[in-house]
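Asks: Handing you a structure now.
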Amino acid sequence: MIKPTLRWGSLTPIRQVRRIIIHHPGAVRYSYLQVHNQHRGQGWSGAGYNYYLQKNHEYYELRGLNVGAHAANNNSDSLGVCVEGNYDVEHIDEELFLRFVQEVRKLMRQHGLTANDVYRHSDVGNTSCPGRNFPWARFKRLIGQTEEVKSIVYGPKEKEVIYVKAGDFQWASGKERFEQILNRHGNSNEQEAYKNDELTVSDAFGVLAKGVLAEPSQTVPDTHKEAWEDLTKRGVFNGKNPNHPITRAQQATVAKRIEDGM
Ligand SMILES: [Zn+2]
């Protein structure tokens, strides 16, 4: 979390955080500073959101625990959390979405809130915010996961598989592989949480997803090994990315190579 130095007008601390309200700025590219300057320009004390996640994954504390200006008549007991983009016209990037899930989960934990306390701006105001394409049902499902990974990630000295189940996803991996991915793709908060045994399911899933997206597994499952090696030797496949999905066009090439007797 980055706490930038900004000039603010007068701010009032929130007495008790009872809700989280989710927003998009409604602009495909919009930095936290643009938000701040725009809102100041409107005569507000500064950026109206409490927290802001940019598309480059930089996560900013703006109003923090001071009363925001993000949802009319709903600011005094809520945190406005905003993710850069215009989800009326675009679809949110998967990694950004998972990061956003993680950050909202952290705020829920800090303030003792459940998924029932998390709303869209459009639930409390006349707006489409956070956008018609924002995957709200999936978001609610992921932030509602309560199981902690420590119950399914085995202790540091054990060699068992890590099994992560969150929402639509299941992922199994060796502990060493997981740690590799965490070291390569995790952020320092996630590494800290892992050390302290506090990583949540969606945190761990986020780490795994980042690793999986970045480096598709090159391990061929035993049941397909013989066929894979044989067809690779014959040049039907190039031997790369055995776990990537295949398109219809690629399938046509494969069929043609077989027909041509490769
Ligand atoms: Zn909004």
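The values are calculated or read from the model by the stated rules, or taken from the named source; none is laboratory data. Every value quoted in this text rests on a predicted model; they were computed, and no experiment measured them. Heads up, the Cβs are rebuilt from the backbone with ideal geometry, glycines too, and the neighbour counts pull from every protein chain shown. Remember, those area values only see protein heavy atoms, side chains included, never the ligands or the DNA or RNA. Shrake-Rupley method; radii C 1.70, N 1.55, O 1.52, S 1.80 Å.
Asks: For the stretch 229-251, state whether one or more residues are among the charged types (D, E, K, R), surrounded by fewer than 12 Cβ atoms within 10 Å (Cβ to Cβ), modelled with pLDDT of 90 or more and over 32 Å from the mean Cα position of the chain (by Cα).
Replies: Yes; the residues of the stretch 229-251 include at least one that is among the charged types (D, E, K, R), surrounded by fewer than 12 Cβ atoms within 10 Å (Cβ to Cβ), modelled with pLDDT of 90 or more and over 32 Å from the mean Cα position of the chain (by Cα).
Asks: Here's a follow-up. Going by what's in this entry, would Arg7 be described as basic (Lys, Arg), in a loop (DSSP other than H, G, I, E, B) and either buried (at least 20 other Cβ atoms within 10 Å of the Cβ) or within 12 Å of the ligand (Cβ to nearest atom) (or both)?
Replies: Values: basic (Lys, Arg): yes; in a loop (DSSP other than H, G, I, E, B): yes; either buried (at least 20 other Cβ atoms within 10 Å of the Cβ) or within 12 Å of the ligand (Cβ to nearest atom) (or both): no.
The answer is no for Arg7.
Asks: Right, something else. Need a quick list: strands (runs of 3 or more DSSP E) entirely within the stretch 18-109 having at least 2 residues that are at pLDDT 95 or above, open to solvent by less than 10 Å² (accessible area, probe 1.4 Å) and not polar (S, T, N, Q).
Replies: Counting at least 2 such residues, we get 19-23, 51-53, 78-83.
Asks: While we're looking at this one, here's another question. Under 6 Å between Cβ atoms, which residue pairs at least 6 apart in sequence (or on different chains) link something in the stretch 22-38 that is within 15 Å of the ligand (Cβ to nearest atom) and of a type outside the set (Phe, Trp, Tyr) with a partner that is in a strand (DSSP E or B) and open to solvent by 40 Å² or more (accessible area, probe 1.4 Å)?
Replies: Taking only residues 6 or more apart or on different chains, the pairs are Ile22/Arg120.
Asks: Read through the list (1) touching a Ser or Thr at 6+ places or on another chain (Cβ under 6 Å); (2) part of a loop (DSSP other than H, G, I, E, B), then give the number of the only condition that Phe134 fails.
Replies: Of the numbered conditions (1) touching a Ser or Thr at 6+ places or on another chain (Cβ under 6 Å); (2) part of a loop (DSSP other than H, G, I, E, B), the odd one out for Phe134 is (1).
Asks: Then there's this: Could you count how many residues in the stretch 119-149 are modelled with pLDDT of 95 or more and over 16 Å from the mean Cα position of the chain (by Cα)?
Replies: 13
Asks: When only residues in the stretch 69-96 that are polar (S, T, N, Q) and in contact (Cβ under 8 Å) with a residue 60 or more places away in the chain count, which is nearest to Pro135 (Cα to Cα)? I'd like the intermediate steps shown before the answer.
Replies: So the first thing to find is which residues in the stretch 69-96 are polar (S, T, N, Q), and the list is 73-76, 78, 86.
Within this subset, residues satisfying the condition of being in contact (Cβ under 8 Å) with a residue 60 or more places away in the chain are 76, 78, 86.
Working: Ser76: 27, Ser78: 21, Asn86: 13 Å.
Step by step, filter the stretch 69-96, then rank; the result is Asn86.
Asks: Here's a check for you: in the stretch 112-132, which residue that is of a type in the set (A, V, I, L, M, F, W, C) and within 9 Å of Ile21 (Cα to Cα) is nearest to the ligand (Cβ to nearest atom)?
Replies: Val124
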